Amino acid sequence: MARYLGVRLLLIPVTAWILVTAVFFMMRVIGDPIEAALGGRLPPDQIEQRREAAGLNRPILAQYWEYLSGLARGDFGQTQDHRMVADIIATRGAATLELVCWALLVAFAIGVPLGRYAATHRDSASDAALRLFAILAYAAPVFFVGLLLKLLFAVRLGWLPVSGRASADVELRLQHVSPKTNIMVVDAILYGDNAYLLDVLKHAVLPAIALGLLTAGVFLRLVRINLIQTLRSDYVDAARARGLSARVVTGRHAVRNAMIPIVTVMGMYIAMMLGGAVLTEMTFEWKGLGFELAEYLKARDFMAVQGIVAFIALVVAVMSFVVDALVALIDPRVRF
Amino acid sequence: MRVSRTPGGRRRAKGIAAVGLVALIASVLAGCGSGRTGEGGDGDGLIVGTTDKIFSLDPAAAYDNGSLVAETQIYQYLLNFAPGDPTPKPDAAEKCEFTTPTVYTCTLQAGLKFANGNPLTANSVKFSFDRMLGINDPNGPASLLGNLEKTDVVDERTVAFTLKVANDQTFPAILPTQAGPIVDERVFPADKVMADEDVVRAKGYSGPYTITSYDKNKLVEYQAYPEYRGILGTPKTPRISAKYYATTDNLKLDLQSGAIDAGYRSLTPTDIEGLRASDKVKVLDGPGGELRYIVFNMNTMPGGTPEQKLAVRKAFASSLDRTALARDVYKDTYVPAYSSVPQGIPGAAEPFKDIYGAGPNKDAAAKFLADAGVATPVELNLQYNPDHYGSSSAEEYKAIKTQLEGTGLFRVNLQSTEWVSYQRERARDAYPLYQFGWFPDFPDPDNYLSPFFGPNNFLQSHFEDPGITAQLVGEATQPDKDRRLQQIQQVQRDLAQNFLPIVPLLSGKQIGVAGKDVQGMEQTLDLSFKFRYTVLSK
């Protein structure tokens, strides 16, 4: 077990390094940030001066080494607009974490009961409909689903806000009392005002559904397949033979076992959702890490993009390790 | 108390949980309207939405529209533009004038203070300009001060700028630009850019507003600074918040739903058309300074001789229907441009309209080509950029291709390239003719002339003419205002008649959207391109 985990622990920095290196060189292929910002406004000699001042005319390997050395010291660098990348990760990362939590809640709330229903009504019309729903939910682009949700619930019905994490006045009030966690729902609770909490919650509904639906489709299919297999197992037959009702057998015995693979894949889904949140955050102006990543990518801000991607790479690598560890704990066969 | 572990107890717990969930959802939906909560005490405030971004609050590193809006609210300048007036007038200064041909002297108002309580003196002004030039940040506007030799403190309230070129009439117009904010020398570092959060904390500014809450490119709150004494006047609304959007559709929807009070930059033509039809908001147009145009590479463009190249350019200029472009592509959010100096800028003329006509003239175009012996149809490799000049560029250039080919005189091979490659390739002479655009730094006609047609200009199109250069130097250093305007009109005519290194297409209007109950926006949509919160109220 220790050897198994040790090897996987070593893979964390290797995975992160590969991703960081790939992003470092890819960023330099897609273009020069000085040209992007000021080309068309200044003569070439002044553009060149500014490239020199920004250190972009140094050998690429020297830039790479400096960047890696900084990362090793925990220094994610500074953006072109003079922000510390680590600060962005801390504040905006919390926003993304909040969104991912809400989305997971939606994914569970929709995916698990519907998967259970589909499994217990196997091969019925409703099972077919739910399987189709799962495929559609997984395949539909987040921005498209988000747009539909906005048009229906925000524009047509006027029930929910179009975008943002809170109304402007609520955000300002929370800023004035110095947010403690940057997870807005927690800050609203700490601030102790139900009206603000309500405002924050209703802003979370549509983004959570848009992102959560995607994962709900996966959960639905996983629960369905695992539950069908579990319901065929001997211990379920034994439970039925003891006279337990179908509801109790399914709910208390089968579903719990069927959930094990879901829990193990959940770690990876959290990591994937960090990346998948980009489109949701852009669609709903949810100013999280994905949002910042997209904005800095547009601005070709090397340090910002590298820093954020390095962080996401680290999260993915750590999550991968946690999943491996969980699977090893649950199923001893994988350790050998 | 322990929860019962019996099946009945579990069912009860589930029931309670279900009821709680329903209650939570109901309460969420019940409070819902998509607007503001009404709990924020916003009766004295306004919320302005934008898709612009703040790059930096430190003037040394800010040379973009989003930063300019923030700077306009918090910094004071020696000279600034009063709402509706594109002529620089004293702001922190009491007066400014040329005391010798190479020395521009400003006297400050007495008793000015930064928002942190520190005095604003001539030392502060010298520090601000020295710092701007000294840091020379890659993303900063230091290049605007290219003609500034040095800044001297004469006394506590007097500062003297020594210029490299005498009688530079553009210098007063540069003082209100992003190169001109006055910062507190006691809190700003002399040799490096200050982080936004530190700028907010240090309050080393003295404009009409201070920043009381700052979440970069998300939400910024401004509070009126009661000690401000300058040309922008006392703010009509004491508290204004700026909300930053990534997408125009969210900005548009929030405007329509009343979640925000006003929107400034940048809605798409389609969004604007939709908002014009809404009875909840008003769409306001201001004069535009943005110019969209086509550049000809004088070396690689079609034509065997300079005369033939000139004829191709003239025929090109005679074949365009700018009105149709403005109407069909941009829903009249742009207006036809018949000079590189847009209408509304002092000294603007319309030589392309006078010489080549307001609409397409196929006969005139054919004659230009025939007289120069150019065989038709002329092959044009026309480049445009799809990501830097707005999403409608593709539609705009398809329309231009259709117009040109409609004359039967041109065959257009339309190509597009992503911005960074576009920039690189056009500088390598890869594009014979291509799309370009310009946002002015300041509302002076020279800002539409010298950067385009002077020596070592940024277009790099190989255009340079000693006569035009002399004319540009002449107008830029002409102290007599009327005579200067005449010179500016003459150079526009000469360029259109004899050279056409660029063909102007469209000039952009400034568009602002405000709730029906919001007043004042029309006052700030003027040629200064400064969006001033001081005039907004409801």
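Quick notes on this structure:
- Proximal charge balance of residue B:444 [Cβ under 13 Å; K/R count +1, D/E count -1]: -2
- Globularity index of the stretch B:398-469, i.e. its alpha-carbon radius of gyration over 2.2 N^0.38 Å: 1.35
- For chain A, built as a Gaussian network whose Cα springs stay under 10 Å, the top-fluctuating residue of A:205, A:315, A:177: A:177
- log10 of Debye I(q)/I(0), alpha-carbon scatterers only, for the stretch A:132-176 at 0.22, 0.31 Å⁻¹: -0.80, -0.98
- Dipole axis of the stretch A:167-293 (+1 Lys, Arg; -1 Asp, Glu on Cβ), positive-most option in A:174, A:277, A:253: A:253
- Per residue of peptide B:212-220, the mean number of Cβ atoms on other chains within 10 Å of the residue Cβ is 6.
- Ranking B:315, B:420, B:501 by how far each Cα lies toward the positive end of the dipole of chain B (charges on Cβ) leaves B:420 at the top.
- The stretch A:1-152, dipole about Cα centre (Lys/Arg Cβ +1, Asp/Glu Cβ -1), debye to the nearest 20: 480
- Projected onto planes of every orientation and averaged, the convex hull of the alpha-carbon atoms in the stretch B:189-232 covers 3.9 nm².
- At q = 0.17 Å⁻¹ the log10 of I(q)/I(0) for the stretch B:343-474 amounts to -1.28, computed by Debye summation with a single uniform scatterer per C-alpha, solvent ignored.
- Based on alpha carbons, the Rg and Dmax found for the stretch B:114-167 are 12.5, 37 Å.
- Residue among A:219, B:472, A:317 farthest towards the positive dipole end of the protein assembly as shown, charges placed on Cβ: A:219
- Taking 1.567 mPa s as the viscosity and 4 °C as the temperature, the Stokes-Einstein diffusion coefficient of the stretch B:85-135 based on its alpha-carbon Kirkwood radius rounds to 103 µm²/s.
- Calculated on the Cα set of the stretch B:196-312, radius of gyration then Dmax: 22.2, 66 Å.
- Taking every alpha-carbon pair in the stretch B:407-532 and binning the separations at 5 Å intervals from zero gives 2, 8, 15, 16, 16, 14, 12, 9, 6, 2, 0 percent.
- Summing charges over neighbours of residue A:191, with a neighbour being any other residue whose Cβ is under 11 Å away from its Cβ, gives 0 when K and R count +1 and D and E count -1.
- When the convex hull of its Cα atoms is projected in every direction, mean area for the stretch B:95-212 (nm²): 7.1
- Tail fraction, Cα-Cα pairs, the stretch A:141-238, threshold 21 Å, whole percent: 53
- Computed on chain A, with alpha-carbon pairs under 8 angstrom and 6+ residues apart, the relative contact order is 31 percent.
- Kirkwood hydrodynamic radius computed over chain A comes to 22.8 Å, based on all pairs of distinct alpha carbons.
- Chain B packed on chain A takes about 5000 Å² of accessible surface away from a 1.4 Å probe, both sides summed.
- Rounded to the nearest 10 degrees, the angle from helix B:65-74 to the longest Cα principal axis of chain B is 60 degrees.
- Normalising the average separation of contacting C-alpha pairs (under 8 angstrom, six or more residues apart) by the number of residues puts the relative contact order of chain B at 19 percent.
- The stretch B:130-195: Rg to Rh, with Rh as the Kirkwood radius over Cα pairs: 0.95
- Kirkwood radius for the stretch B:59-143, taken over all pairs of different Cα atoms as the inverse mean of 1/r, rounds to 14.3 Å.
- Pair-distance profile P(r), taking every C-alpha pair of the stretch A:258-312, with 10 angstrom steps and integer %: 24, 43, 22, 9, 1
- The share of alpha-carbon pairs in the stretch A:208-309 lying farther apart than 16 Å comes to 66%.
- Charging the Cβ of each Asp and Glu at -1 and of each Lys and Arg at +1, and nothing else, the dipole of the stretch A:284-333 about its Cα centre rounds to 80 debye.
- Per-q log10 I(q)/I(0), the stretch A:196-241, q = 0.16, 0.19, 0.30 Å⁻¹ (Debye; single scatterer per alpha-carbon; no solvent): -0.61, -0.68, -0.95
- Applying 1/(1 + (r/R0)^6) with R0 = 35 Å to the Cβ-Cβ distance of residue B:285 and residue A:125 gives a FRET efficiency near 0.05.
- Cα-based reach from residue B:398 at 14 Å (exclusive), listing aspartates and glutamates while leaving out same-chain residues under 8 positions away: B:321, B:328
- Largest first and in whole Å, the equivalent-ellipsoid semi-axes of the stretch A:1-158 read 45, 26, 15, each the square root of five times a Cα gyration tensor eigenvalue.
- Fully extending the segment from residue A:190 to residue A:246 would add 15.8 nm, taking 0.36 nm per residue of separation and subtracting the current Cα-Cα distance.
- Pairwise inverse Cα distances across the protein assembly as shown, averaged and inverted, put the Kirkwood hydrodynamic radius at 30.4 Å.
- Considering the stretch B:226-375, its Cα convex hull presents a mean projected area of 13.8 nm².
- Subset of B:95/B:126; B:89/B:218; B:243/B:538; A:202/A:298; B:164/B:203; B:89/B:236 violating a 23 Å alpha-carbon distance limit: B:89/B:218; A:202/A:298; B:164/B:203
- Formal net charge of residues neighbouring residue B:488 (Cβ-Cβ distance under 9 Å; K, R +1; D, E -1): -1
- For chain B, alpha-carbon Rg over 2.2 N^0.38 Å: 1.13
- The stretch B:320-470, dipole about Cα centre (Lys/Arg Cβ +1, Asp/Glu Cβ -1), debye to the nearest 20: 360
The values are calculated or read from the model by the stated rules, or taken from the named source; none is laboratory data. Predicted model only: the values in this text are computed from it and were never measured. With ideal geometry, Cβ positions are generated from the backbone for all residues, glycine too; neighbour counts draw on all protein chains shown. Note: areas computed on protein heavy atoms with side chains; ligands, DNA, RNA excluded. Shrake-Rupley method; radii C 1.70, N 1.55, O 1.52, S 1.80 Å.
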